[in-house]
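Okay, so here's the structure we're looking at.
Rule-based calculations on the coordinates, nothing more; no lab input. It should be emphasised that the depicted structure is a prediction, and the values quoted were computed from it without experimental measurement. Positions of Cβ are generated from backbone atoms using ideal geometry, with glycine treated the same way; all protein chains shown enter the neighbour counts.
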Amino acid sequence: MPLSRGIRIDKFHAYEVIKILNQYNIIDRNYKIHNIDDYVIIPLIAEAIIDQFPQLDFLDDEFNFEEYSKKPDSIKAILKDKIPEDELNKLTLPTSFDQIGNLVVIDLKEHLYPYKQIIGAAIMELQPSTTSVFGKTAKVGGPFRIRQLELISGQNNSTTIHREYGLKIYLDIRKVYFSPRLSTEHKRICKLVKENSLILDMFAGAGSFALHITNQKITSVISIDINPFAKVCFEESQRLNVLQGYNEFIVADARDQIYKFLQNGQKFNYIIMNHPSGAIDYLVDAYKLLEERGTLFLYYFANEENMLDNCNQLISDRIEGSITKIHKVRRYSPEQFHICIEITK
Ligand SMILES: C[S@@+](CC[C@H](N)C(=O)[O-])C[C@H]1O[C@@H](n2cnc3c(N)ncnc32)[C@H](O)[C@@H]1O
C-alpha cells in the first residue's frame, strides 16, 4: 500500500468535512478513505496546503492508503496490451455500443474482423454484467426490420430482459426489432397521450410504445406487427410488468388490418406509425382511422435541408391534416434525421 498524506476527522463530522474538501478539490481520488475506530482518514493530494485549514487534524506521518484498482475504461485501453501499438493506432475502434439487457451489440466494421474475438472479450471485461457480445454484420432489413448478428463473445443466447424507465422488455434481438436508442421517444409519446383514449401502434416491433403508455396511463392500445415473434416478446413483457392500461396485440399486415378497422367503423384518438422507411405508404388509409381532433405520429427519415418545406409537401400531397410539430428523434446518418411528424385532423 502506498504512503500518502491525509487528515483524520471524527466520523460524526466526516460527511461535512468531505463536502468542504470536495469544494477545494483536494481529496486524492486514487486512494480509498479509511475508517479506523471512531475516525475517518481522508487521503489528500500532494498540493493541498495545510495552512489553509488550520482547524483540521493533519496526520504528522504519511499513511498507508489502499489504492483503487485502476480498471481500463475503454476498448482501446484494454487492447493496449493485446495488439501491437502501431496496429492499434491504425484501428478505428467502436467508441459506443448498444447495451440491450445483458447483451451488447456493436457495429463490426470490416477492418475490425481480424480482432473481433479480442474486442468481444474486451467489452465483456469492460462491462462485467454482459453475457454476450454480438456484431452487427448488416443494416436492419427484411420485412421484420431485424439485424444480422454474429456472436463474437460469450453465450450464444440472444434473449434478454431490457430495462428502461422501470419497464422490463423481453426480447430476442435476433428475432424482433428493438433499439434502445428509441427509449426517449417512447417516453415522449407516452407523456403526450391522454388517459382514456384509444391508441393504434401500427408497426409495433416488441411493443415498446404500448408498454410505456399502458405502464403509465389508463388507456387502451392496439399494437400491430407483421412479425409473429413480436407478439411472443410483447406477451412475455406483459407478464413481467404490472400495467395499468389495456393492451391487444394483432399479428397482421398493417394494410389488411386498416381495412378491417375501416369496415367496422373503428376510429382512434392517436395513431403511431414508427416505421420510418415504410410508414408513409400507409398514411392515406391510416388517416381515415383517426378521430376528429386526433393526432397521428408519422416517423420518417428526412434530410435536414428544407426539412419543413419537404415535410409539408409530403403530407399535403396525401392528406388534409395539418402538421403541428416536427420532432427530431435522432441523427440517422450524416445527412438524415429520424423524425416524428405530428399531424392533427
Ligand atoms: C422500425 S420497426 C418498429 C419500431 C417500433 N415501432 C419501435 O418504436 O420500437 C418496424 C416494424 O414494422 C414491422 N412491419 C413491417 N412491415 C409491416 C407491415 N406491412 N405491417 C405491420 N408491421 C410491419 C416490422 O416487423 C418491424 O417490427
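In debye to the nearest 20, how big a dipole does the stretch 177-344 give about its Cα centre with +1 on each Lys and Arg Cβ and -1 on each Asp and Glu Cβ?
Numbers: 18 positive and 20 negative charges, 113 e Å.
The dipole magnitude comes to about 540 debye.
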Query raised in the report: Between the stretch 208-245 and the stretch 249-322, what is the C-alpha centre distance in whole Å?
Result: 20 Å
Query raised in the report: In what sequence, highest mean first, do 55-65, 264-274, 124-134 appear when ranked by Cβ atoms within 10 angstrom?
Result: 264-274, 124-134, 55-65
Requested in this report: Please name whichever of Val193, Met273, Gln257 sits farthest to the positive end of the charge dipole of the stretch 177-344, dipole taken about the Cα centre and charges placed at Cβ: Lys and Arg +1, Asp and Glu -1.
Outcome: Val193
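Among 247-254, 328-335, 224-231, what's the highest-first ranking by average C-beta atoms within 10 angstrom per residue?
Working: 247-254: 16.9, 328-335: 11.9, 224-231: 20.6.
Ranking the peptides 247-254, 328-335, 224-231 by packing returns 224-231, 247-254, 328-335.
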Report summary line: About its Cα centre, the stretch 3-64 carries a charge dipole, from +1 on Lys and Arg Cβ atoms and -1 on Asp and Glu Cβ atoms, whose size in debye to the nearest 20 is 320 debye
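Only bridges with both residues in the chain count here: give the DSSP antiparallel percent, nearest 5.
On the way: 46 of 69 bridges.
Just about 65 percent of them are antiparallel.
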Requested in this report: Would you work out if the stretch 192-277 is rounded, prolate or oblate? Take a ≥ b ≥ c from the square roots of the eigenvalues of the alpha-carbon gyration tensor; rounded if a/c is under 1.5, else prolate when a/b is larger than b/c, oblate otherwise.
Outcome: oblate
Requested in this report: Could you work out how far apart the two model spin labels at Asp57 and Leu240 are, taking each label as a point 7 Å from the Cα in the direction of the beta carbon, and quote it in nm?
Outcome: 5.1 nm
Query raised in the report: Among the aspartates and glutamates, which fall within straight-line cross-link reach of Lys32, defined as a Cα-Cα distance under 13 Å, with same-chain neighbours fewer than 8 residues apart omitted?
Result: Glu66, Glu67
Query raised in the report: Of Lys116/Lys328; Lys168/Lys260; Lys191/Lys267, which pairs sit farther than 24 Å apart, going by alpha carbon to alpha carbon?
Result: Lys116/Lys328; Lys168/Lys260
Requested in this report: Determine the gain in length on full extension of the stretch Thr344-Glu150; use 0.36 nm per residue of separation and subtract their C-alpha separation, reporting nm with one decimal.
Outcome: 65.6 nm
Query raised in the report: Pick from Leu103, Leu21, Leu289: which residue has the top mean-square fluctuation in a GNM of the chain where Cα pairs under 10 Å get a spring?
Result: Leu21
Query raised in the report: What order do you get for 295-301, 32-38, 210-216 when each peptide is scored by the mean count of other beta carbon atoms within 10 Å, highest first?
Result: 210-216, 295-301, 32-38
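State the extension gain, in nm to one decimal, for the chain segment bounded by Thr131 and Asn30, taking 0.36 nm per residue of separation less the distance between their alpha-carbons. Write out the running numbers ahead of the final one.
On the way: separation 101, 0.36 × 101 = 36.36 nm, distance 2.97 nm.
Full extension from Thr131 to Asn30 adds 33.4 nm.
Which entries in Lys76/Lys139; Lys175/Lys231; Lys217/Lys345; Lys139/Lys325; Lys109/Lys136; Lys76/Lys136 show an alpha-carbon gap greater than 18 Å?
Numbers: Lys76/Lys139 25 Å; Lys175/Lys231 11 Å; Lys217/Lys345 23 Å; Lys139/Lys325 29 Å; Lys109/Lys136 8 Å; Lys76/Lys136 20 Å.
Result: Lys76/Lys139; Lys217/Lys345; Lys139/Lys325; Lys76/Lys136 exceed 18 Å.
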Report task. Provide the FRET efficiency to the nearest 0.05 for the Gln263-Asn22 pair, computing r from the beta carbons and using R0 = 56 Å. Result -> 0.25
Query - For the stretch 120-140 and the stretch 47-113, distance of Cα centres in Å - result: 18 Å
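Evaluate the charge dipole of the chain about its Cα centre and quote only its size in Debye, nearest 20, assuming +1 on the Cβ of each Lys and Arg and -1 on the Cβ of each Asp and Glu. The partial results should precede the final answer.
Numbers: 41 positive and 45 negative charges, 271 e Å.
For the chain, the charge dipole is close to 1300 debye.
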